[in-house]
């Protein structure tokens, strides 16, 4: 049972599930390597009485088929025990409920010595005096204490403190990401999760409210009498994100590879990305993220595993997910293809146009009908044509691909100053000669023409000043 594949991050998240089910407002993770290595998960939830504690320490203490309330994130009645013993050989639970403090303990060495399963119920003040005193002072809550950390600090380790720090280094980010909807400071009553008294980071994998992001139409479906809600998002182009925004979305690597479905079970993130073979994954859909809210009552259809790290969408939902994600993936491709420019429909005139050549090979050429290109070519057509062909034939496609594939920051292309764009716009208007209708049409459509379309408000101001 210690070999179920729990990572230390998943183990601690499993314990946090129990704290949330106990309506905790604060969850603290504390650890140290001296004088004796330990890790404790402390919450201020409603705690358990003696009989409930003993049942909670029983392996398989809950029927996965029974109906649960919305914030009960358990399933099999195994998490507390298997998650803990996957990392340590001794787990002690102290809990305070209605003025009564109790303790129970699994010690694998003691079980081996006795040759049987042996759950002890020690005196809380002897088992963990410091935490017993804290619970008495608080008047409620639960402490899960790990000792004999054989999986976190291997035998023969010279510097146990360094080993423990390394083993737990990913815990804050994992908890922050997994429970970001509980800890969101914008919520009415955010949950506080801290690791050694430092709050876990705040995340939002969808960057909701970002001016360059897109939230598409949400839909809901009923399966077995339960509602599943689906909301697609498209992130802004990576080069348009600040370092802080990238971190809030989960970090550069998450933005690069975290596209796909984000499955929430009772608001807890279970699956952070991946397409379940519903749509093919490619680089151009990496900005698409689809939030799927699943009630705990549908666990039997989603095949939730013991660690609550694997879900498989039911057949009843796959067809709808395929349809919904189609629009999100199209918009993601569009953001990449137009480098994050605001789209204005079919009238948008980018400088570069893509053509399909022999054997479906893609080729990019400068649009000779683009107003700016036409205006420049009108003065010296042959020279401009030679320059454009040189630029097209020397376009560093492979280098650009490598940069985009690795999300290497690309300089913001919107570097034109307003006076420069106005001078360029005036030149375009002048190239129309005395054709007043063409001049008015050009000025009116200026916000839809690259490079003016990169800043629509600026383009509108310029157009207003140039109106005949």
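The values are calculated or read from the model by the stated rules, or taken from the named source; none is laboratory data. These numbers were taken from a predicted model, which means no experiment stands behind them. Here Cβ is always computed from backbone atoms with ideal geometry, including for glycine, and neighbour counts include all displayed protein chains.
When region 4-43 is filtered for residues that are under 14 Å from residue 164 (Cα atoms), out of contact with any helix residue (DSSP H, G or I) (no Cβ under 9 Å at 6 or more places or on another chain) and surrounded by fewer than 18 Cβ atoms within 10 Å (Cβ to Cβ), the ones remaining, listed by number, are 30, 35, 36. What number of residues within region 151-183 satisfy the criterion of being part of a loop (DSSP other than H, G, I, E, B) and either modelled with pLDDT of 95 or more or out of contact with any strand residue (DSSP E or B) (no Cβ under 9 Å at 6 or more places or on another chain) (or both)? Matching residues across region 151-183 total 12. On inspection, residue 372 fails the criterion of being at pLDDT 75 or above, surrounded by 11 or more Cβ atoms within 10 Å (Cβ to Cβ), in contact with a helix residue (DSSP H, G or I) (Cβ under 8 Å, 6 or more places away or on another chain) and closer than 28 Å to residue 214 by Cα. Restricted to strands (runs of 3 or more DSSP E) entirely inside region 184-279, those with at least 1 residues that are at positive phi and crowded, with 19+ Cβ neighbours inside 10 Å are 260-265.
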